[in-house]
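*Asks:* Sharing a structure, written as structure tokens. Questions coming.
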Amino acid sequence: MEGVRPGGGPPASGPGSGSGSGSGSFQSLFPPGLHGIYGECRRLYPDQPNPLQVTAILKYWLGGPDPLDYVSMYRNLGNPALNVPEHWHYVSFGLSDLYGDNRVHEFTGTDGPSGFGFELTFRLKRETGESAPPTWPAELMQGLARYVFQSENTFCSGDHVSWHSPLDNSESRIQHMLLTEDPQMQPVQTPFGVVTFLQIVGVCTEELHAAQQWNGQGILELLRTVPVAGGPWLITDMRRGETIFEIDPHLQERVDKGIETDGSNLSGVSAKCAWDDLSRPPEDDEDSRSICIGTQPRRLSGKDTEQIRETLRRGLEINSKPVLPPINAQRQNGLNLDRAPSRKDSLESESSAAIIPHELIRTRQLESVHLKFNQESGALIPLCLRGRLLHGRHFTYKSITGDTAITFVSTGVEGAFATEEHPYAAHGPWLQILLTEEFVERMLEDLEDLNSPEEFKLPKEYSWPEKKLKVSILPDAVFDNPLH
């Protein structure tokens, strides 16, 4: 982002929201997609026709690094009757199709989504005496937009983003994000498709973990009930020093009950993980160990669900740097996204992005396996077991260093190639492990100390000899060495 200037949007007397109509000269200055979003902003802020904007001088479509052409910043007076404080309201321009001429987004018609189908918003509590909005939220929004453009993965309401750093680079406890529908901005129909508005909500680490263990929508509803933690419009206060569970301890009981009743919506993470086939000698060329560290990574087969295909690209934050790197960089981005499970959990997919056709990869039944995770990945195993498998669902770990993947499935998941008779099965670098409910309950007891990371010493090994299964929790350095 290159600078802050008064906005150059259509004047308040211009055509209405999302119409895309007007004189030719007017439209030449303000393309229809841009004009449609400005119209919705004018509806909310008729007294602010020219808000301050953070703008990219060298636009993305001219080779610049920032996908968002503009981020407009409005002063919102809140709603005292609803206990909504005064705040700054940020709106992005660029994730949707602003121009309709294929310079950024492929034009696909008026009936579907415009570009990626959404723009980002953010509501930041206004500090006393603050006369101008801080500009750091604009760079935060650019970071999320870069991820969307590089990965071509879109966001949905209820998604969560593991950022692992104060959003404003201060000492704040607000270090992660949830996404939800903006409470005031309505979807806009433009000549290039529909645009919805997704609001970023800053949360503490404990609230992020609760969203992972349960679901993002549930935590958003709890945040709405706590005025200082967001209130009905989910306004982020970077000075908030307490979690919702410290403010109201009874809310933890609601989360625990929700996990027990609903399970978790988190179906997969990118992680530091690996697996070995202990039923074959290491020198066997077809052994999983050679696949895990091979120089020709292969993508997962087309038998993935849409749910897995979406979530595997987003995952566990391994590095502390809060900037989303290019999708092809060695460091993995810091995104975790929830997806609501389908009515019947399945591993089937209607489409495939596989390089190697599914039918050409031989599925191997394994007798004994050894799973390896770093501590951060291993800490999610109880979530996988309690929040997913005990609810008839699946959970996938996708290696950040290649296409190795480990999917845990329950007996009710359709499309799995692991069965109760052969619970360990490999399809190329993808390992599936089928666990019965009885064995899951036993594993939860044996893995209880994973819930107390402060008392955890590495390496740590768990073994179930009669099941021919071993799990190791190892230091990060082991996974950083390609010959692990």
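The values are calculated or read from the model by the stated rules, or taken from the named source; none is laboratory data. Please read all numbers here as calculations on a predicted model, not as lab measurements. Heads up, the Cβs are rebuilt from the backbone with ideal geometry, glycines too, and the neighbour counts pull from every protein chain shown. When the accessible area is computed, the model is the full protein with side chains, heavy atoms only, and any ligands, DNA or RNA have been set aside. Shrake-Rupley method; radii C 1.70, N 1.55, O 1.52, S 1.80 Å.
*Asks:* Tabulate in residue order the Karplus-calculated ³J(HN,Hα) for region 468-475, using 6.51 cos²θ - 1.76 cosθ + 1.60 with θ = phi - 60°, rounded to whole Hz; enter x for Gly and Pro.
*Replies:* Listing the rounded values in order: 6, 10, 9, 10, 10, 10, 10, x Hz.
*Asks:* Mind listing the long-range amide H neighbours of Arg126? Cut-off is under 5 Å, sequence gap 5 or more, other chains count too, H placed in the peptide plane at 1.01 Å from N.
*Replies:* Residues meeting the amide H criterion: His87, Trp88.
*Asks:* Viscosity 1.567 mPa s, temperature 4 °C: Stokes-Einstein D of region 32-262 from its Kirkwood Cα radius, in µm² per second?
*Replies:* For these conditions, the coefficient is 71 µm²/s.
*Asks:* What is the calculated FRET efficiency for Leu58 to Thr154, with r their C-beta to C-beta distance and R₀ = 22 Å, to the nearest 0.05?
*Replies:* 0.30
*Asks:* Additional query: Starting from the amide H of Asn374, placed 1.01 Å from N in the peptide plane, find each other amide H under 5 Å away whose residue is 5 or more places distant or on another chain.
*Replies:* The answer is Lys272, Leu474.
*Asks:* Ignoring ligands and nucleic acids, what accessible area does Cys273 show with a 1.4 Å probe (Å², nearest 10)?
*Replies:* Surface open to solvent at Cys273 totals about 10 Å².
*Asks:* Short version: ³J(HN,Hα) in whole Hz for each residue of region 231-245, in order, from phi by Karplus 6.51 cos²θ - 1.76 cosθ + 1.60 (θ = phi - 60°), x for Gly and Pro, what are they?
*Replies:* Calculated HN-Hα couplings, in order: x, x, 9, 6, 8, 7, 10, 5, 8, 5, x, 10, 7, 5, 7 Hz.
*Asks:* Taking the Cα centre of region 32-262 as origin, work out the dipole magnitude from +1 charges on Lys and Arg Cβ and -1 charges on Asp and Glu Cβ, in debye rounded to 20.
*Replies:* 540
*Asks:* Around Thr196, with a cut-off of 11 angstrom between Cβ atoms, what is the net charge of the other residues, counting Lys and Arg +1 and Asp and Glu -1?
*Replies:* After counting each charged neighbour, the total is -4.
*Asks:* Pull up all non-local amide H partners of Thr363: gap of 5 or more, or a different chain, and H-to-H distance under 5 Å with H placed in the peptide plane.
*Replies:* Excluding prolines and chain starts, which carry no amide H, there are no hits.
*Asks:* Let me ask something else about it. Can you work out the Karplus-derived ³J(HN,Hα) for every residue in region 257-268? Use 6.51 cos²θ - 1.76 cosθ + 1.60 with θ = phi - 60°, whole Hz, and x for glycine or proline.
*Replies:* Ordered by residue, 3J(HN,Hα) equals 5, x, 4, 5, 7, 9, x, 10, 8, 7, 9, x Hz.
*Asks:* Place +1 on the Cβ of every Lys and Arg and -1 on the Cβ of every Asp and Glu in region 81-132, take the dipole about the Cα centre, and give the residue among Phe107, Phe122, Asn83 whose Cα lies farthest towards its positive end.
*Replies:* Value computed over the given set: Asn83.
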